[in-house]
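The values are calculated or read from the model by the stated rules, or taken from the named source; none is laboratory data. Since the structure is predicted, the reported quantities are computational estimates derived from the model, not experimental observations. Quick reminder, even Gly has a Cβ in these numbers, built from the backbone with ideal geometry, and neighbours come from all protein chains shown. In case anyone asks, the SASA skips ligands and DNA or RNA and just uses the protein heavy atoms, side chains included. Shrake-Rupley method; radii C 1.70, N 1.55, O 1.52, S 1.80 Å.
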Amino acid sequence: MKKKILFGLLAMTAIAANGQETYENANLMKPELTGTARYIGMGGAMEALGADISTISTNPAGIGLFRSSSVNISFGLSSQQDVTTYGSDHKTVPSFDQAGFVYSMRTNSNSFLNFAFNYSKSRNFNQILNAVGNLNGSSQNKLTYNKFASNDDFLYFDKDGTILSDYIQFSQLDYLYANNINYEEDADGNGTFYGYDGDAYDMYRAQSGYIGRYDFNISGNVNNRFYWGLTVGVQDVHYNGFSDYIETLGNSTVEVMDTRKITGNGVDIKAGIIFRPVAESPFRIGLSVSTPTWYKLTTSNYTSMSLLNSGVSQELYDPDSNESYEFKLYTPWKFGASLGHTVGNNLALGLSYEYADYSTADTRVIDGYDYYGNEESYSEYATNQHTKNTLKGVSTLKVGAEFKPDPALAVRLGFNYVSPMYNKSGAKDGTLDSYGVFYQSQSDFTNWEDTYRVTAGLGYNIDRFNIDLAYQYSTTNGKFSPFYDYADNMNTDCLPNNNFEQCKVSNKRHQLMLTLGYRF
(Lines give C-alpha, C1' and ligand atoms only; values in the text may rest on other atoms or scores of the structure.)
Protein backbone atom coordinates (compact mmCIF):
# COMPACT_ATOMS: atom_id res chain seq x y z
CA MET A 1 0.00 0.00 0.00
CA LYS A 2 1.38 3.42 -0.95
CA LYS A 3 2.20 5.63 2.03
CA LYS A 4 1.69 9.39 1.80
CA ILE A 5 3.59 10.57 4.86
CA LEU A 6 6.72 12.71 4.68
CA PHE A 7 8.56 12.43 7.97
CA GLY A 8 10.72 15.20 9.33
CA LEU A 9 14.25 15.14 8.08
CA LEU A 10 13.54 18.86 7.94
CA ALA A 11 15.53 19.38 11.11
CA MET A 12 18.29 16.96 10.08
CA THR A 13 19.42 19.26 7.33
CA ALA A 14 18.85 22.45 9.29
CA ILE A 15 20.53 21.77 12.65
CA ALA A 16 24.30 22.24 12.72
CA ALA A 17 24.95 20.71 16.14
CA ASN A 18 25.95 17.06 16.13
CA GLY A 19 26.44 14.12 18.46
CA GLN A 20 27.13 10.41 18.53
CA GLU A 21 25.72 7.27 20.13
CA THR A 22 27.10 5.25 23.07
CA TYR A 23 27.41 1.85 21.36
CA GLU A 24 29.20 3.23 18.31
CA ASN A 25 31.54 5.16 20.60
CA ALA A 26 32.26 2.00 22.61
CA ASN A 27 33.18 0.20 19.40
CA LEU A 28 35.86 2.85 18.77
CA MET A 29 37.24 2.61 22.33
CA LYS A 30 37.34 -1.18 22.72
CA PRO A 31 40.77 -2.29 24.05
CA GLU A 32 42.76 -4.83 22.05
CA LEU A 33 46.12 -6.60 22.31
CA THR A 34 48.28 -5.39 19.41
CA GLY A 35 51.99 -4.88 18.83
CA THR A 36 55.09 -6.80 17.82
CA ALA A 37 55.13 -10.60 17.79
CA ARG A 38 57.30 -10.63 20.92
CA TYR A 39 54.89 -8.34 22.77
CA ILE A 40 51.84 -10.40 21.73
CA GLY A 41 53.58 -13.71 22.47
CA MET A 42 54.09 -12.57 26.07
CA GLY A 43 50.46 -11.46 26.33
CA GLY A 44 51.53 -7.81 26.35
CA ALA A 45 52.87 -8.14 29.91
CA MET A 46 56.02 -6.13 29.15
CA GLU A 47 55.23 -2.73 30.68
CA ALA A 48 57.86 -3.22 33.42
CA LEU A 49 60.23 -5.41 31.42
CA GLY A 50 60.44 -2.90 28.58
CA ALA A 51 62.92 -3.01 25.69
CA ASP A 52 60.11 -3.72 23.18
CA ILE A 53 58.86 -0.95 20.91
CA SER A 54 55.19 -1.83 21.59
CA THR A 55 55.53 -0.43 25.14
CA ILE A 56 55.70 3.01 23.51
CA SER A 57 51.88 3.16 23.73
CA THR A 58 51.39 1.38 27.07
CA ASN A 59 54.29 2.42 29.33
CA PRO A 60 56.60 4.82 27.44
CA ALA A 61 59.38 4.22 29.97
CA GLY A 62 59.84 0.78 28.39
CA ILE A 63 61.66 2.49 25.51
CA GLY A 64 64.19 3.76 28.06
CA LEU A 65 65.49 0.21 28.53
CA PHE A 66 66.90 0.06 24.99
CA ARG A 67 70.73 0.20 24.98
CA SER A 68 71.09 -0.01 21.21
CA SER A 69 69.13 1.30 18.26
CA SER A 70 66.70 -0.96 16.43
CA VAL A 71 64.07 -1.10 13.71
CA ASN A 72 61.05 -3.45 13.49
CA ILE A 73 58.27 -4.26 11.04
CA SER A 74 55.28 -6.58 11.63
CA PHE A 75 52.68 -8.35 9.51
CA GLY A 76 49.63 -10.31 10.60
CA LEU A 77 46.81 -12.60 9.58
CA SER A 78 43.51 -12.58 11.48
CA SER A 79 40.70 -15.13 11.14
CA GLN A 80 37.28 -15.13 12.81
CA GLN A 81 35.73 -18.44 13.82
CA ASP A 82 32.11 -19.67 13.46
CA VAL A 83 30.75 -16.97 11.14
CA THR A 84 29.11 -16.91 7.71
CA THR A 85 30.39 -14.45 5.12
CA TYR A 86 28.19 -12.29 2.92
CA GLY A 87 29.13 -10.87 -0.47
CA SER A 88 32.70 -9.56 -0.54
CA ASP A 89 33.24 -9.82 3.24
CA HIS A 90 36.02 -12.13 4.44
CA LYS A 91 36.52 -13.76 7.83
CA THR A 92 40.29 -14.13 7.22
CA VAL A 93 42.20 -10.95 6.40
CA PRO A 94 45.90 -10.04 6.19
CA SER A 95 47.21 -6.81 7.67
CA PHE A 96 50.26 -4.59 8.02
CA ASP A 97 50.40 -4.06 11.77
CA GLN A 98 53.53 -2.26 12.89
CA ALA A 99 56.65 -0.39 11.81
CA GLY A 100 58.99 1.59 14.03
CA PHE A 101 62.48 2.40 15.21
CA VAL A 102 64.39 3.35 18.36
CA TYR A 103 67.47 5.57 18.32
CA SER A 104 69.55 5.11 21.46
CA MET A 105 72.26 7.53 22.64
CA ARG A 106 74.62 6.90 25.56
CA THR A 107 74.88 9.97 27.81
CA ASN A 108 77.38 8.42 30.24
CA SER A 109 78.63 4.98 31.20
CA ASN A 110 75.28 3.91 32.76
CA SER A 111 72.68 6.24 31.24
CA PHE A 112 70.94 6.62 27.86
CA LEU A 113 68.65 9.07 26.09
CA ASN A 114 66.37 7.42 23.52
CA PHE A 115 64.06 8.62 20.77
CA ALA A 116 61.48 6.41 19.08
CA PHE A 117 58.70 6.39 16.52
CA ASN A 118 56.21 3.61 15.99
CA TYR A 119 53.22 3.04 13.72
CA SER A 120 50.79 0.36 14.87
CA LYS A 121 47.15 -0.63 14.63
CA SER A 122 45.59 -0.08 18.04
CA ARG A 123 42.19 -1.34 16.86
CA ASN A 124 41.26 -3.83 14.14
CA PHE A 125 37.56 -3.46 13.30
CA ASN A 126 37.27 -6.58 11.14
CA GLN A 127 34.35 -8.58 12.52
CA ILE A 128 31.28 -10.42 11.24
CA LEU A 129 28.15 -10.94 13.34
CA ASN A 130 25.23 -13.27 12.52
CA ALA A 131 22.12 -13.18 14.71
CA VAL A 132 18.61 -14.66 14.34
CA GLY A 133 15.70 -14.90 16.76
CA ASN A 134 11.95 -14.75 17.35
CA LEU A 135 10.21 -11.39 17.62
CA ASN A 136 7.19 -12.73 19.56
CA GLY A 137 4.92 -10.07 18.09
CA SER A 138 7.41 -7.24 18.54
CA SER A 139 8.97 -5.42 15.59
CA GLN A 140 11.28 -2.59 14.70
CA ASN A 141 8.41 -0.62 13.15
CA LYS A 142 6.69 -0.59 16.57
CA LEU A 143 9.53 1.59 17.88
CA THR A 144 8.40 4.33 15.54
CA TYR A 145 4.73 3.68 16.29
CA ASN A 146 5.35 3.88 20.04
CA LYS A 147 7.00 7.26 19.64
CA PHE A 148 3.98 8.54 17.73
CA ALA A 149 1.51 7.07 20.20
CA SER A 150 3.33 8.29 23.31
CA ASN A 151 3.28 11.99 22.40
CA ASP A 152 1.16 13.54 19.64
CA ASP A 153 3.03 16.82 20.10
CA PHE A 154 6.04 15.25 18.37
CA LEU A 155 4.19 15.56 15.06
CA TYR A 156 2.45 18.31 13.15
CA PHE A 157 0.88 18.80 9.73
CA ASP A 158 2.02 21.50 7.35
CA LYS A 159 -0.34 23.32 4.99
CA ASP A 160 -0.41 20.54 2.37
CA GLY A 161 -1.01 17.79 4.93
CA THR A 162 2.59 16.54 5.19
CA ILE A 163 3.47 15.19 8.63
CA LEU A 164 6.68 16.69 9.99
CA SER A 165 8.65 16.62 13.22
CA ASP A 166 11.29 18.91 14.69
CA TYR A 167 12.08 16.61 17.62
CA ILE A 168 15.54 15.06 17.69
CA GLN A 169 14.22 11.81 19.23
CA PHE A 170 13.09 10.80 15.73
CA SER A 171 15.82 8.96 13.91
CA GLN A 172 16.50 8.08 10.29
CA LEU A 173 14.91 4.70 10.97
CA ASP A 174 11.77 6.46 12.17
CA TYR A 175 11.82 8.45 8.97
CA LEU A 176 11.87 5.30 6.82
CA TYR A 177 9.27 3.39 8.84
CA ALA A 178 6.91 6.34 9.08
CA ASN A 179 7.10 6.94 5.35
CA ASN A 180 6.59 3.35 4.32
CA ILE A 181 5.09 1.16 7.08
CA ASN A 182 3.34 2.92 9.96
CA TYR A 183 0.91 5.31 8.28
CA GLU A 184 -2.01 4.49 6.01
CA GLU A 185 -4.91 6.43 4.55
CA ASP A 186 -8.32 5.04 3.67
CA ALA A 187 -10.34 5.94 0.59
CA ASP A 188 -11.65 9.09 2.30
CA GLY A 189 -8.14 10.31 3.12
CA ASN A 190 -8.34 9.53 6.84
CA GLY A 191 -4.91 8.59 8.18
CA THR A 192 -4.11 6.03 10.86
CA PHE A 193 -0.85 4.94 12.50
CA TYR A 194 -0.18 1.24 12.95
CA GLY A 195 2.38 -0.90 14.70
CA TYR A 196 2.71 -4.28 13.01
CA ASP A 197 3.53 -7.57 14.78
CA GLY A 198 6.74 -9.30 13.80
CA ASP A 199 7.52 -13.01 13.68
CA ALA A 200 11.32 -13.31 13.39
CA TYR A 201 14.46 -11.32 12.64
CA ASP A 202 17.71 -12.05 10.82
CA MET A 203 20.70 -9.73 11.18
CA TYR A 204 23.98 -9.79 9.28
CA ARG A 205 26.61 -7.23 10.27
CA ALA A 206 30.15 -6.81 8.97
CA GLN A 207 32.66 -4.16 9.87
CA SER A 208 36.18 -3.47 8.66
CA GLY A 209 38.95 -0.92 9.01
CA TYR A 210 41.35 0.07 11.75
CA ILE A 211 42.68 2.78 14.04
CA GLY A 212 46.28 3.58 13.21
CA ARG A 213 48.56 4.96 15.92
CA TYR A 214 51.55 7.20 15.22
CA ASP A 215 53.59 7.39 18.45
CA PHE A 216 56.51 9.77 19.09
CA ASN A 217 58.59 9.02 22.18
CA ILE A 218 61.43 10.44 24.24
CA SER A 219 62.73 8.34 27.12
CA GLY A 220 65.74 7.87 29.33
CA ASN A 221 67.74 5.49 31.49
CA VAL A 222 69.34 6.88 34.67
CA ASN A 223 72.12 4.68 36.04
CA ASN A 224 70.25 1.50 35.07
CA ARG A 225 67.93 2.05 38.06
CA PHE A 226 65.33 4.54 36.92
CA TYR A 227 63.65 4.73 33.51
CA TRP A 228 61.23 7.39 32.28
CA GLY A 229 59.31 8.01 29.07
CA LEU A 230 56.83 10.33 27.39
CA THR A 231 54.82 9.50 24.25
CA VAL A 232 52.63 11.74 22.13
CA GLY A 233 50.26 9.69 20.01
CA VAL A 234 48.19 10.60 16.96
CA GLN A 235 45.37 8.23 16.03
CA ASP A 236 43.80 7.89 12.59
CA VAL A 237 40.32 6.31 12.41
CA HIS A 238 39.08 4.33 9.38
CA TYR A 239 35.83 2.49 10.12
CA ASN A 240 33.44 0.90 7.61
CA GLY A 241 30.29 -0.93 8.66
CA PHE A 242 27.50 -2.73 6.81
CA SER A 243 24.34 -4.32 8.17
CA ASP A 244 21.39 -6.13 6.63
CA TYR A 245 18.40 -6.45 8.95
CA ILE A 246 15.36 -8.51 7.89
CA GLU A 247 12.18 -9.07 9.84
CA THR A 248 9.00 -10.86 8.86
CA LEU A 249 5.61 -9.24 9.57
CA GLY A 250 3.06 -11.91 8.72
CA ASN A 251 3.01 -12.14 4.92
CA SER A 252 5.38 -9.21 4.55
CA THR A 253 9.16 -8.94 4.84
CA VAL A 254 10.94 -5.69 5.64
CA GLU A 255 14.65 -5.30 4.92
CA VAL A 256 16.80 -2.40 6.13
CA MET A 257 20.33 -2.13 4.73
CA ASP A 258 22.78 0.31 6.28
CA THR A 259 26.33 1.36 5.50
CA ARG A 260 28.29 3.64 7.82
CA LYS A 261 31.70 5.23 7.61
CA ILE A 262 33.58 6.91 10.46
CA THR A 263 36.82 8.79 9.89
CA GLY A 264 38.85 11.29 11.87
CA ASN A 265 41.85 11.89 14.08
CA GLY A 266 42.72 12.01 17.74
CA VAL A 267 45.67 12.79 19.96
CA ASP A 268 46.76 11.62 23.41
CA ILE A 269 49.75 11.80 25.76
CA LYS A 270 51.21 8.93 27.78
CA ALA A 271 53.80 9.07 30.55
CA GLY A 272 55.48 6.30 32.50
CA ILE A 273 58.27 5.29 34.83
CA ILE A 274 60.06 2.04 35.64
CA PHE A 275 62.39 1.62 38.61
CA ARG A 276 64.38 -1.08 40.34
CA PRO A 277 63.80 -0.66 44.09
CA VAL A 278 66.80 -2.88 44.98
CA ALA A 279 70.08 -2.16 43.23
CA GLU A 280 71.24 -5.77 43.36
CA SER A 281 67.97 -7.16 41.96
CA PRO A 282 66.58 -7.05 38.39
CA PHE A 283 63.02 -6.80 39.82
CA ARG A 284 61.21 -3.80 38.32
CA ILE A 285 58.04 -1.83 39.00
CA GLY A 286 56.29 0.18 36.32
CA LEU A 287 53.63 2.89 36.51
CA SER A 288 51.90 4.66 33.63
CA VAL A 289 49.12 7.09 32.86
CA SER A 290 47.42 8.11 29.64
CA THR A 291 45.30 11.16 28.96
CA PRO A 292 42.03 10.76 27.07
CA THR A 293 42.29 10.48 23.32
CA TRP A 294 40.75 13.71 22.07
CA TYR A 295 38.98 12.69 18.86
CA LYS A 296 37.36 14.79 16.19
CA LEU A 297 35.36 12.45 13.95
CA THR A 298 33.04 12.48 10.96
CA THR A 299 30.35 9.84 10.56
CA SER A 300 28.20 9.29 7.49
CA ASN A 301 25.65 6.69 6.47
CA TYR A 302 23.43 5.52 3.66
CA THR A 303 20.35 3.58 4.75
CA SER A 304 17.69 2.00 2.52
CA MET A 305 14.48 0.04 3.04
CA SER A 306 12.70 -2.53 0.89
CA LEU A 307 9.35 -4.24 1.40
CA LEU A 308 7.99 -7.53 0.06
CA ASN A 309 4.25 -8.07 0.43
CA SER A 310 3.29 -11.72 -0.17
CA GLY A 311 6.54 -12.11 -2.08
CA VAL A 312 5.90 -9.11 -4.33
CA SER A 313 8.23 -6.12 -4.16
CA GLN A 314 6.32 -2.98 -3.15
CA GLU A 315 7.06 0.55 -4.27
CA LEU A 316 8.12 2.73 -1.35
CA TYR A 317 7.43 6.42 -0.86
CA ASP A 318 11.01 7.27 0.08
CA PRO A 319 13.23 4.16 0.34
CA ASP A 320 16.48 5.71 1.56
CA SER A 321 18.12 8.34 3.71
CA ASN A 322 21.67 9.52 4.26
CA GLU A 323 23.41 11.94 6.60
CA SER A 324 26.89 13.11 7.53
CA TYR A 325 28.07 15.06 10.56
CA GLU A 326 31.04 15.86 12.77
CA PHE A 327 31.38 15.35 16.52
CA LYS A 328 34.02 15.03 19.23
CA LEU A 329 34.73 12.10 21.52
CA TYR A 330 37.03 12.23 24.54
CA THR A 331 37.92 8.74 25.78
CA PRO A 332 38.63 8.03 29.48
CA TRP A 333 41.94 8.34 31.33
CA LYS A 334 43.92 5.10 31.61
CA PHE A 335 46.14 4.01 34.48
CA GLY A 336 48.61 1.13 34.53
CA ALA A 337 50.81 -0.72 37.01
CA SER A 338 53.23 -3.52 36.20
CA LEU A 339 55.88 -5.84 37.61
CA GLY A 340 58.81 -7.45 35.82
CA HIS A 341 61.59 -9.81 36.82
CA THR A 342 64.38 -11.68 35.08
CA VAL A 343 66.21 -14.80 36.23
CA GLY A 344 69.69 -14.81 34.78
CA ASN A 345 69.66 -14.59 31.01
CA ASN A 346 67.12 -17.38 30.55
CA LEU A 347 63.78 -16.32 32.04
CA ALA A 348 61.68 -13.13 31.99
CA LEU A 349 58.36 -12.78 33.84
CA GLY A 350 55.84 -9.96 33.45
CA LEU A 351 52.57 -8.90 35.08
CA SER A 352 50.56 -5.85 34.00
CA TYR A 353 47.28 -4.26 35.06
CA GLU A 354 45.40 -1.44 33.34
CA TYR A 355 42.18 0.33 34.29
CA ALA A 356 39.95 2.70 32.30
CA ASP A 357 36.45 3.85 33.28
CA TYR A 358 34.53 3.98 29.99
CA SER A 359 31.42 5.34 31.68
CA THR A 360 33.24 8.70 31.81
CA ALA A 361 33.67 8.97 28.02
CA ASP A 362 32.63 12.44 26.88
CA THR A 363 30.60 12.87 23.68
CA ARG A 364 30.72 16.49 22.59
CA VAL A 365 28.59 18.58 20.23
CA ILE A 366 30.41 20.94 17.87
CA ASP A 367 28.49 24.21 17.88
CA GLY A 368 30.66 26.74 16.07
CA TYR A 369 33.75 28.90 16.49
CA ASP A 370 34.80 31.67 18.85
CA TYR A 371 35.96 35.18 17.91
CA TYR A 372 39.47 33.92 17.18
CA GLY A 373 38.35 31.04 14.97
CA ASN A 374 38.83 28.31 17.56
CA GLU A 375 36.34 25.44 17.39
CA GLU A 376 33.88 25.30 20.28
CA SER A 377 32.08 22.27 21.65
CA TYR A 378 30.10 21.22 24.70
CA SER A 379 29.31 17.91 26.40
CA GLU A 380 26.04 16.38 25.22
CA TYR A 381 24.25 15.70 28.50
CA ALA A 382 21.73 13.05 27.38
CA THR A 383 24.30 10.90 25.58
CA ASN A 384 26.85 11.17 28.38
CA GLN A 385 24.25 10.17 30.98
CA HIS A 386 23.33 7.19 28.82
CA THR A 387 27.03 6.28 28.52
CA LYS A 388 27.37 6.51 32.30
CA ASN A 389 24.49 4.05 32.72
CA THR A 390 25.54 1.71 29.89
CA LEU A 391 29.34 1.41 30.10
CA LYS A 392 31.60 0.81 33.09
CA GLY A 393 35.19 0.56 34.23
CA VAL A 394 37.33 -2.09 32.51
CA SER A 395 40.22 -3.94 34.15
CA THR A 396 42.82 -5.61 31.95
CA LEU A 397 45.16 -8.19 33.49
CA LYS A 398 48.13 -9.45 31.46
CA VAL A 399 50.56 -12.23 32.41
CA GLY A 400 53.53 -13.33 30.32
CA ALA A 401 56.77 -15.29 30.34
CA GLU A 402 59.76 -15.72 28.06
CA PHE A 403 62.18 -18.65 28.36
CA LYS A 404 65.46 -18.95 26.48
CA PRO A 405 66.76 -22.54 26.29
CA ASP A 406 69.49 -21.15 24.05
CA PRO A 407 70.79 -17.54 23.77
CA ALA A 408 69.46 -17.39 20.21
CA LEU A 409 66.04 -18.99 20.86
CA ALA A 410 63.09 -17.69 22.91
CA VAL A 411 59.80 -19.40 23.81
CA ARG A 412 56.92 -17.20 25.01
CA LEU A 413 53.51 -17.65 26.62
CA GLY A 414 50.86 -15.15 27.72
CA PHE A 415 47.33 -14.75 29.07
CA ASN A 416 44.87 -11.82 29.26
CA TYR A 417 41.63 -11.21 31.07
CA VAL A 418 39.55 -8.15 30.15
CA SER A 419 36.44 -7.40 32.22
CA PRO A 420 33.18 -6.39 30.45
CA MET A 421 32.77 -2.85 29.16
CA TYR A 422 28.95 -3.06 29.09
CA ASN A 423 26.43 -3.27 31.91
CA LYS A 424 24.13 -6.27 31.49
CA SER A 425 21.11 -3.96 31.54
CA GLY A 426 22.57 -1.59 28.94
CA ALA A 427 20.50 -0.83 25.84
CA LYS A 428 20.52 1.48 22.84
CA ASP A 429 17.88 3.96 23.94
CA GLY A 430 16.23 5.69 20.99
CA THR A 431 14.13 8.04 23.15
CA LEU A 432 17.02 10.23 24.32
CA ASP A 433 16.93 13.94 23.64
CA SER A 434 20.17 13.51 21.73
CA TYR A 435 21.61 14.19 18.30
CA GLY A 436 23.07 10.68 18.48
CA VAL A 437 19.47 9.42 18.31
CA PHE A 438 18.54 12.02 15.73
CA TYR A 439 21.09 10.63 13.24
CA GLN A 440 20.61 6.98 14.25
CA SER A 441 20.22 4.54 11.36
CA GLN A 442 20.42 1.28 13.35
CA SER A 443 18.54 0.15 16.45
CA ASP A 444 20.41 -3.09 17.28
CA PHE A 445 23.06 -3.45 19.99
CA THR A 446 25.22 -6.14 21.59
CA ASN A 447 26.31 -6.26 25.23
CA TRP A 448 29.67 -8.01 25.08
CA GLU A 449 30.98 -9.83 28.15
CA ASP A 450 34.49 -10.77 29.40
CA THR A 451 37.35 -11.25 26.95
CA TYR A 452 39.94 -14.01 27.35
CA ARG A 453 43.17 -14.16 25.35
CA VAL A 454 45.80 -16.91 25.18
CA THR A 455 49.07 -16.22 23.37
CA ALA A 456 52.25 -18.06 22.43
CA GLY A 457 55.36 -17.17 20.47
CA LEU A 458 58.85 -18.02 19.29
CA GLY A 459 61.84 -15.80 18.66
CA TYR A 460 65.20 -16.40 16.99
CA ASN A 461 68.25 -14.13 16.77
CA ILE A 462 70.81 -14.28 13.97
CA ASP A 463 73.63 -11.83 14.69
CA ARG A 464 71.90 -8.42 14.64
CA PHE A 465 68.72 -9.74 13.05
CA ASN A 466 65.71 -11.17 14.87
CA ILE A 467 62.60 -12.94 13.67
CA ASP A 468 59.58 -13.41 15.95
CA LEU A 469 56.37 -15.35 15.51
CA ALA A 470 53.24 -15.13 17.69
CA TYR A 471 49.79 -16.67 17.91
CA GLN A 472 46.83 -15.10 19.72
CA TYR A 473 43.42 -16.63 20.41
CA SER A 474 40.72 -14.38 21.85
CA THR A 475 37.11 -15.10 22.71
CA THR A 476 34.23 -12.87 23.81
CA ASN A 477 30.57 -13.80 24.25
CA GLY A 478 27.64 -11.41 24.12
CA LYS A 479 23.89 -10.96 23.81
CA PHE A 480 22.47 -9.37 20.68
CA SER A 481 19.24 -7.35 20.69
CA PRO A 482 17.62 -6.07 17.48
CA PHE A 483 16.15 -3.07 19.31
CA TYR A 484 15.07 -1.80 22.72
CA ASP A 485 11.63 -2.05 24.32
CA TYR A 486 10.75 1.64 24.28
CA ALA A 487 7.32 1.01 25.76
CA ASP A 488 8.92 0.08 29.08
CA ASN A 489 11.28 3.02 28.88
CA MET A 490 8.38 5.45 28.50
CA ASN A 491 6.77 4.19 31.71
CA THR A 492 3.34 3.86 30.21
CA ASP A 493 0.80 1.07 30.04
CA CYS A 494 -0.90 2.28 26.87
CA LEU A 495 1.78 1.11 24.42
CA PRO A 496 2.21 -2.44 23.10
CA ASN A 497 5.07 -4.49 24.52
CA ASN A 498 8.03 -4.91 22.23
CA ASN A 499 9.61 -8.03 23.71
CA PHE A 500 11.92 -10.04 21.46
CA GLU A 501 14.22 -13.02 21.79
CA GLN A 502 17.85 -12.09 22.40
CA CYS A 503 20.49 -13.99 20.44
CA LYS A 504 23.69 -15.29 22.01
CA VAL A 505 26.68 -14.34 19.86
CA SER A 506 30.43 -14.74 20.12
CA ASN A 507 33.59 -13.24 18.67
CA LYS A 508 36.29 -15.94 18.49
CA ARG A 509 39.42 -14.90 16.71
CA HIS A 510 42.77 -16.43 15.73
CA GLN A 511 45.73 -14.20 14.89
CA LEU A 512 49.20 -14.94 13.53
CA MET A 513 51.95 -12.31 13.70
CA LEU A 514 55.42 -12.04 12.16
CA THR A 515 57.98 -9.41 13.20
CA LEU A 516 61.33 -8.77 11.55
CA GLY A 517 63.91 -6.68 13.41
CA TYR A 518 67.45 -5.35 13.18
CA ARG A 519 69.69 -3.87 15.91
CA PHE A 520 72.44 -1.37 15.18
(request) Give me a count of the residues in the stretch 53-66 that are open to solvent by 10 Å² or more (accessible area, probe 1.4 Å) and assigned to a loop (DSSP other than H, G, I, E, B). (result) 2
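Here's the yes/no breakdown for (1) hydrophobic (A, V, I, L, M, F, W, C); (2) modelled with pLDDT of 90 or more; (3) assigned to a loop (DSSP other than H, G, I, E, B):
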site: G161; (1), (2), (3): no, no, yes
site: Q169; (1), (2), (3): no, no, yes
site: D188; (1), (2), (3): no, no, yes
site: A206; (1), (2), (3): yes, yes, no
site: Y210; (1), (2), (3): no, yes, no
site: W228; (1), (2), (3): yes, yes, no
site: V234; (1), (2), (3): yes, yes, no
(message) I'm trying to understand the selection: among the residues of the stretch 32-52, which are in a helix (DSSP H, G or I) and of a type outside the set (A, V, I, L, M)?
(response) R38, Y39, G41
(request) Could you tell me whether the stretch 116-125 includes any residue that is open to solvent by less than 30 Å² (accessible area, probe 1.4 Å) and more than 21 Å from the chain's Cα centre (by Cα)? (result) yes
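May I ask you to verify whether A131 is open to solvent by less than 30 Å² (accessible area, probe 1.4 Å) and in contact with a Cys (Cβ under 9 Å, 6 or more places away or on another chain)? Give the steps one after another, and end with the answer.
Values: open to solvent by less than 30 Å² (accessible area, probe 1.4 Å): yes; in contact with a Cys (Cβ under 9 Å, 6 or more places away or on another chain): yes.
Criteria met by A131.
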(request) May I ask you to say which residue of G209, G198 is buried (at least 24 other Cβ atoms within 10 Å of the Cβ), of a type in the set (G, A, S) and closer than 30 Å to T85 by Cβ? (result) G198
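Conditions (1) modelled with pLDDT under 95; (2) polar (S, T, N, Q); (3) open to solvent by 20 Å² or more (accessible area, probe 1.4 Å), marked per residue:
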| position | (1), (2), (3) |
| --- | --- |
| L10 | yes, no, yes |
| A17 | yes, no, no |
| K30 | yes, no, yes |
| M42 | no, no, no |
| N72 | no, yes, yes |
| S78 | no, yes, no |
| S109 | yes, yes, yes |
(request) Return yes or no: is L307 surrounded by 17 or more Cβ atoms within 10 Å (Cβ to Cβ), over 15 Å from the mean Cα position of the chain (by Cα) and in a strand (DSSP E or B)? (result) yes
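Suppose the filter is crowded, with 23+ Cβ neighbours inside 10 Å, more than 18 Å from the chain's Cα centre (by Cα) and not acidic (D, E); does K404 pass it? Spell out the reasoning first.
On the way: crowded, with 23+ Cβ neighbours inside 10 Å: no; more than 18 Å from the chain's Cα centre (by Cα): yes; not acidic (D, E): yes.
So K404 fails the test.
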(request) State the number of residues belonging to the stretch 369-385 that are in contact with a Ser or Thr (Cβ under 9 Å, 6 or more places away or on another chain) and either modelled with pLDDT of 95 or more or open to solvent by 20 Å² or more (accessible area, probe 1.4 Å) (or both). (result) 4
